[in-house]
Amino acid sequence: MKKISYLLLLIITAAISCKKEDTISTGIRPVDVTVNLSYGLDSSKYKLPVGGITVKMTNTNSGTVQTATSNDSGRVRFTNVQAGAYDIDAMVTIADTTYYRITGNLIEENITFNASEKNTRVAVGDEIKLNLTLVAGTVGDWVIKQIYYAGSHTTQGALYRDQFIELYNNTDKVLYADSIYIGQLFGRQSLTRNNTHVLPNGQVDWTHSVGMNPNIDANNDYVYTRSILMVPGNGTTYPVQPGSSIIIAQTALNHKTPFTGANGNTISVKDPSLTVDLSGADFEAYYGDFAGSPLASDIDNPEVPNMVVYQYNGRDYILDNPGRDAYIIFKVDASQNVRNWPSYPLPTLAPPPSTADYYIQVPNQYIIDGVEVQPSAAEDRIPKKLNAAFDAGFTFVPKGSYSSQSVIRKTARTVNGRIILKDTNNSTEDFDYLDFANPRGFK
């Protein structure tokens, strides 16, 4: 009996030992993650509530989501977190009446605060502690409603020539589209290329750009564009009714039917159902007057006004098909001349060549709305270009490039027949997708 018990003890000990060694060798021992929340406020005269805020941890590989709620001190604790990469997001909406009672500041509608830390690495070791600062997002009259960046099938569809962006009047009053700027942001496009100075989050560190002003916060107070287009007009030329939108097309044609390209050849699609009719677009981006070698598909539709091109990159207004761009809309006051804004080359480790591209530095203070787009596959995603004040999350089309899919802002509610779109400055929450891009459609 003693021999059997001793043998059983050895087996159990060995099993425990193997399990322990396996945990150590595989490096998957769970750890605890503590998140401390606070507000990024200019005033210390009042305190907004930090308790009861839901924080999400999303495993970027598996998509598994864990949620926890903060205590009255703003602390959230996740236990037994497996090693991996995580997106950590917090969002809280405070009623306008509550905000007024606490701060004395009168606002017209509820205010949303966001905090985000993307691609956080959780590894075996001591407990991980993170500090997240909740910031109030910008709420503008205009919002980016739909972005059709993926394009349609390379041989059956229209490739990328059917791309468009849709802007929406999210108010109950008439707005004028005149002089709205659309910026296509640029930054680090690949994690495998390490030829630039980078920040701890992996994004480009613009402070190292040649000629950069050392007296500004180049990374936090500005964004950098590779294209800027502006809606023409004298200020009251293009009224947009409440709950209506404008479509800015790469080329304002019906891409379902054949047309004659700039080179005289016929351009057509094999499967018209994969693409869109943009002949009714409000504006188009025409590069034929200045690009050295514009694409043959860049046709100027005389019935559709051209956007004013302040900055361009390439042979047409092409949106990044994999989804590695972010997009902003902004307006400036009379003191600003966008053409005179400084531009800088990428902060490469080696001196930039004389042929290097330059990117316009856009002050955050003029941004009305921003949307971060990312590749559909988690392993292809890149560091964010927009901070939480403009977009605490990101959006994407699940089928990726040339899928005919678009990202579209969700409907929040309908008031007297007018659709109000969701706008919490977190596109992970605010956006969905359409299986087939649909100008002026809703989700």
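The values are calculated or read from the model by the stated rules, or taken from the named source; none is laboratory data. On a predicted model such as this, the values are computed, not experimentally measured, just so you know. All Cβ positions, even for glycine, are placed from backbone atoms using ideal geometry, and neighbour counts span all protein chains on display.
The strands (runs of 3 or more DSSP E) falling completely within region 82-148 that include 1 or more residues that are outside the structural domain of I248 (by TED's automatic domain parsing) and surrounded by fewer than 18 Cβ atoms within 10 Å (Cβ to Cβ) map to 84-94, 111-122, 128-136.
Yes/no per residue for (1) crowded, with 18+ Cβ neighbours inside 10 Å; (2) in contact with a strand residue (DSSP E or B) (Cβ under 9 Å, 6 or more places away or on another chain); (3) assigned by TED's automatic domain parsing to the domain that holds I328; (4) at pLDDT 95 or above:
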| position | (1), (2), (3), (4) |
| --- | --- |
| A249 | yes, yes, yes, yes |
| H255 | yes, yes, yes, yes |
| T260 | no, yes, yes, yes |
| S273 | no, no, yes, yes |
| G280 | no, yes, yes, yes |
| F283 | yes, yes, yes, yes |
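Per this entry, G211 is not counted among residues that are in a loop (DSSP other than H, G, I, E, B), surrounded by 15 or more Cβ atoms within 10 Å (Cβ to Cβ), small (G, A, S) and touching a residue at least 60 places away in the same chain (Cβ under 8 Å). Looking across D42, D72, one residue alone is of a type in the set (D, E, K, R), part of a loop (DSSP other than H, G, I, E, B), within 28 Å of A90 (Cα to Cα) and at pLDDT 90 or above. It is D72. Counted as qualifying within region 305-380 are the strands (runs of 3 or more DSSP E) with 1 or more residues that are over 25 Å from G151 (Cβ atoms) and assigned by TED's automatic domain parsing to the domain that holds R161, namely 326-330, 343-345, 358-363, 367-372. For region 213-262, enumerate the residues that are basic (K, R) and either at positive phi or in contact with a Pro (Cβ under 7 Å, 6 or more places away or on another chain) (or both). The one that is basic (K, R) and either at positive phi or in contact with a Pro (Cβ under 7 Å, 6 or more places away or on another chain) (or both): K256.
Within region 396-425, the set of residues being farther than 16 Å from G151 by Cα and either assigned by TED's automatic domain parsing to the domain that holds G63 or in contact with a Phe, Trp or Tyr (Cβ under 9 Å, 6 or more places away or on another chain) (or both) comprises R409, K410, T411, I419, L421, K422, N425.
For beta carbons closer than 9 Å, sequence separation of 6+ or different chains, a first residue in region 392-415 that is surrounded by fewer than 14 Cβ atoms within 10 Å (Cβ to Cβ) and a second that is β-branched (V, I, T), the qualifying pairs are T411/I419; T411/I420; R413/I419; R413/I420; T414/I420. Among all positions in region 315-329, there is at least one residue which is under 24 Å from the mean Cα position of the chain (by Cα) and polar (S, T, N, Q).
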